[in-house]
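One structure is given here, and the rest of the page talks about it.
The values are calculated or read from the model by the stated rules, or taken from the named source; none is laboratory data. In this text the structure is predicted, and so the values were computed from the model without any measurement. Heads up, the Cβs are rebuilt from the backbone with ideal geometry, glycines too, and the neighbour counts pull from every protein chain shown. Only protein heavy atoms, including side chains, enter the accessible area calculation; ligands, DNA and RNA are left aside. Shrake-Rupley method; radii C 1.70, N 1.55, O 1.52, S 1.80 Å.
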Amino acid sequence: MAAESTPEPAISEPGTTDPRRSGKGRRRKAPSTGRKAMRATAWTAAGVVVLGGVGAGYVYFKLNGNIHSVDINQALGTDRPTKIDNGSENILVLGSDTRSGQNKKLGGGTDDGSARSDTAMIVHVYEGHKRASVVSIPRDTLVDRPQCTDTQGTTHSAASGVMFNEAYSTGGAACAVKTVESITGIRMDHYLEVDFEGFQKLIDDLGGVQVTTTKDIRDPQSHLDLKAGPHTLNGEQALGLVRTRHGVGDGSDLGRIQLQQAFIKALIDQVKHVGVFTNPKKLYDLADTATKAVTTDSDLGSVNDLMDFAGGLKGIGSSHMKMVTMPVQYDPANPNRVLLAKEKARLVWDALRNDRPIPAAATEGTATGEAKGVVS
C-alpha cells in the first residue's frame, strides 16, 4: 500500500482562502507497472514536481507524505552493473496495469490483485542534462529473466524465454530493474512508476494535452474515438491514446509504442507552456497529483530528492529528446512475440554506457509498428 498523507495543519493551500480545506486527490496505489503504457507520465510527473517552490512547511509535509518509494538498492544488493560516474543518469520508467480501485474502471478487466509492466522505457539523461535518449522496451519481448529478490525479501528463480512484462508481476519493481540491467548491462540509477488513475488525473490537472492526429482513431476497447485533426485531449482521452493498439496501425505493441512516443513529446511541451509559475493554485494541484501519481526508488523518496532530480530534467525539451524502440525482430515461431536483436541492441547499450548519441544503424532494419506519424 502507498504511504498515507501526513495530517494537515490548519493552513491554507496555495491559492485558497479557506484554512480548513484539505489537499486535492486520493492516495495512489503502491507499485505496479505498465500494461498499457504509462511510461510518459512518470517522466512528466517528476518534471511537474520541480515547477515551483514547495518549501513552505505545510506544502512540504503534505507532498512528502504523498510519495511512495521502494528500496531497490537493498533488494538487489551488490550483484549489479557498476555505476558509471560520468555525469549521466539512467532511469527505468514503468507504467502500471493494476485494476485496483479506480484503475479497474479506467482499464477495464478484473481486479485479480496482480499487475504487469507491459510497457517500459529507459530514460538516459546525458552529461549536462540538456539532452536525453529514451529507449522503449516492448512488453512482448521474450527474455531470459534472472534470479531476483523482491523488496519483501522473497527470491524468485530465473526463467528463460518469458515475456518481459512478467518480470514485474513476478517480483515487482526490483525484479523489473534486475531484468533490465541483465538485458542492457547498464545500472539503473533511478526508478519511477505510475498507474492509470495517476496518469489521467495529471493530464486533467494540466488542462489537457494538445495533439494532432493524421488519421481517425477509433478503439472501443480503450474508449477512444478521435477524428483526424487537432485535439486537446483530456485525461480519459489521453489514457485511451497511449493504451490503444487496435484503433490504428497493425494492432501491435510496437505500433502502440510509436503513439506513446509522440504523446510523450506533446506532454513535455505542454508542461513547459502551461503557465504554472504564475498560478500558485495550479502549481499546488499539479505537485499534489504528481507526488501521488508516482512510486519511486528510495533515493527519490522525498520531496527534496524528487525536486533535485526533476530540476535536472527541466532543461530537456522534446526537440532534445531522441526516442527509439529497443531493437527487436518478430519471433518466427510466434508473430505475437518479439526477440531482442542482440547485435543492434549492443550498439544502443554501448552508446548509453559511454554517454553518446544512439547511432542510426542501431535501429535500421528492425521490427517497427505502423503508427508512426499518426500523432504529432
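Search region 336-359 for residues that are on the phi > 0 side of the Ramachandran plot and pair each with any residue that is open to solvent by 30 Å² or more (accessible area, probe 1.4 Å) when their beta-carbon atoms are under 9 Å apart and the residues are at least 6 apart or on different chains. Listed by first residue and then by second, the contacts come to ASP355/ILE84; ASP355/ASN86; ASP355/GLY87; ASP355/GLU127. For LEU239, the criteria (1) more than 17 Å from the chain's Cα centre (by Cα); (2) at negative phi hold in every case but one, which is (1). For region 340-353, check the following and say yes or no: at least one residue is of a type outside the set (Val, Ile, Thr) and assigned to a strand (DSSP E or B). Checked region 340-353: at least one residue is of a type outside the set (Val, Ile, Thr) and assigned to a strand (DSSP E or B).
GLN147 fulfils the conditions (1) within 23 Å of THR296 (Cβ to Cβ); (2) surrounded by fewer than 21 Cβ atoms within 10 Å (Cβ to Cβ) except for a single criterion, (1).
In region 279-293, the residues that are in contact (Cβ under 8 Å) with a residue 12 or more places away in the chain and over 17 Å from PHE309 (Cα atoms) form Cβ pairs under 8 Å with partners that are among the polar types (S, T, N, Q) and open to solvent by 10 Å² or more (accessible area, probe 1.4 Å), at six or more places apart or across chains, as follows: LYS281/THR16.
Condition first: among the basic types (Lys, Arg) and touching an Asp or Glu at 6+ places or on another chain (Cβ under 7 Å). Now tell me which residues in region 183-208 satisfy that. If the condition is that a residue be among the basic types (Lys, Arg) and touching an Asp or Glu at 6+ places or on another chain (Cβ under 7 Å), then ARG187 is the only one that fits. Inside region 296-325, residues that are open to solvent by 20 Å² or more (accessible area, probe 1.4 Å), assigned to a helix (DSSP H, G or I) and at pLDDT below 85 make up a count of 4.
Among the conditions (1) part of a helix (DSSP H, G or I); (2) within 21 Å of LYS342 (Cα to Cα), the only one that ASP144 does not satisfy is (1). Selection of strands (runs of 3 or more DSSP E) fully inside region 185-295 by the criterion of at least 1 residues being surrounded by fewer than 24 Cβ atoms within 10 Å (Cβ to Cβ) and small (Gly, Ala, Ser) returns 229-233. If you go through region 166-191 and keep only what is polar (S, T, N, Q) and under 17 Å from the mean Cα position of the chain (by Cα), you end up with SER169, THR179.
Remark: SER319 matches the filter, which requires a residue to be of a type outside the set (D, E, K, R), without any contact (Cβ under 8 Å) to a residue 40 or more places away in the chain and either closer than 23 Å to VAL375 by Cβ or in contact with a Phe, Trp or Tyr (Cβ under 7 Å, 6 or more places away or on another chain) (or both).
Scanning region 336-375 for residues that are open to solvent by 50 Å² or more (accessible area, probe 1.4 Å) and hydroxyl-bearing (Ser, Thr, Tyr) yields one hit, THR368. Go through region 326-335 and report how many residues are open to solvent by 30 Å² or more (accessible area, probe 1.4 Å) and touching a residue at least 40 places away in the same chain (Cβ under 8 Å). Number of matching residues: 0. Only residues that are open to solvent by less than 50 Å² (accessible area, probe 1.4 Å) and over 21 Å from LYS322 (Cα atoms) were counted across region 129-144, and they come to 4.
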